[in-house]
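Reviewing the structure listed below.
Bear in mind these aren't lab numbers, they're just calculated from the coordinates by the rules spelled out. Values in this document were obtained by computation on a predicted structure and should not be read as measured data. All Cβ positions, even for glycine, are placed from backbone atoms using ideal geometry, and neighbour counts span all protein chains on display.
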C-alpha cells in the first residue's frame, strides 16, 4: 500500500512539474535575441519600417529583435525560411500579401494555410505610380494614350513579379486595353534607382518614392487606394482616373507553424504595443502606412480569406499556374 501511495505521489509530482514547465517556458521567453526576416532589400521602405518595429518590439520583449534581409522571389524568402525554422518564437518574418498570391501563380515551397503561425497584422502600404519629373507622360490619361500608340514600349518597374505593385499595373493595363512591359526589381531602392536613372519609364511601388516626389524629382501619376492620400490630395487614384483598380495591402508578423500559444501571445502583445510608440507611428506616417491591427486569431482568418480572394484575382488576370 505504501509503495502504491509513493508511486501515485511521484506520478502526481511529475505531472505537476510537466504542467508547470510549459507556462514557465513561455514566461521565460525570450531568453535570447529574436530574428525577424525582412524579405526586401536593406534601405527600402519596408526595411526601414520593419527596423523601427523591431527596435520597439525588442524593448517590449526585453531582448533584441534583429532584422535579417532576405530579398527576392516577390517577398517570399522570409516565408520560405520559416518552413525550415523551429517553432520556438526565435524566428519570425514579415508576411507580405504575395505570400497568399504567389502559390496561385507558380510552384512555391510553402503552403500559406498550413505552414505558418499568424501572429499579428500591423499596417499596410500606400501604392502609386511615379515617373521622372521631366517625363512627357504627365497623367494616367497620357500614359494610356502613349501605350496605345506604342504597344509594349512603356516600361515600368516594380518590387517583383507577382507583387501587388506588379499586379495592380497588370489589372489596370487590362482594363485600359494596353500592353506594358514589366521590369521586376528586388525592392524599392533598386526600382527607384532604375526610374531615376532612366532605365525604366515608371515605377510602381509603395511610398518609398515619397521624398523624391516631394523634392520634385519624380511625378506621382496616381495612387491605388480606395481614397486619395492626405499627403498628396491632388493626385488621383486609379479609380478616380476611371479604372476599377483598388488595392490596399496589409502585412504583419508570422512564425513557423506549431508555436506555443503562450509564446504567440507574448509576441502578439509586444508588437501590438509598438503601435502606441510615437517613433513607430511617426515612421508609419512618413511612409503613409495606416495602422491595421489584427490579433493572431483575426490575422489567421485574414490569411484564409485573402488566400481565396487572391486566387480569384489571379484567375481573372489569366495568371494562374499551369497544372
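Between 145, 68, 55, the residue with the greatest mean-square fluctuation in the GNM of the chain (Cα pairs under 10 Å linked by springs) is 145. Under a Gaussian network description of the chain, with springs only between Cα atoms under 10 Å, the residue in 58, 298, 177 that fluctuates furthest is 177. Fewest neighbouring Cβ atoms within 10 Å first, the residues 178, 95, 253 line up as 178, 253, 95. The stretch between residue 193 and residue 293, if pulled fully straight at 0.36 nm per residue, gains 32.8 nm over its current Cα-Cα span.
Report, to the nearest 10°, how far helix 164-176 tilts away from the longest principal axis of the Cα atoms in the chain, using its own Cα long axis and a range of 0 to 90°. The angle comes out near 40 degrees.
This structure gives P(r) over Cα pairs in 20 Å bins from 0, in percent, computed directly, and of (1) 31, 51, 13, 4, 1; (2) 24, 44, 27, 5, 0; (3) 26, 39, 20, 12, 4, 0 that value is listed as (1). Against the chain, whose longest principal axis is taken from its Cα atoms, helix 2-28 shows a tilt of about 20°.
Semi-axis lengths, largest first, of the ellipsoid equivalent to segment 127-223 are 19, 15, 11 Å, with √(5λ) applied to each eigenvalue of the Cα gyration tensor. If you run the Gaussian network model on the chain, springs between alpha carbon atoms under 10 Å, then out of 289, 268, 212 the most flexible one is 212.
Calculated FRET efficiency, residue 155 to residue 83, Cβ-Cβ distance, R0 = 22 Å: about 0.05 to the nearest 0.05.
Paramagnetic label reach from residue 313 (point 7 Å along Cα→Cβ; backbone nitrogen cut-off under 14 Å): within segment 183-212, residues 205-206.
Here the relative contact order of the chain, from alpha carbon pairs under 8 Å that lie six or more residues apart, stands at 27 percent. Could you give the angle, 0 to 90 degrees to the nearest 10, between helix 45-61's Cα long axis and the longest principal axis of the Cα atoms of the chain? Tilt relative to the chain: about 20 degrees.
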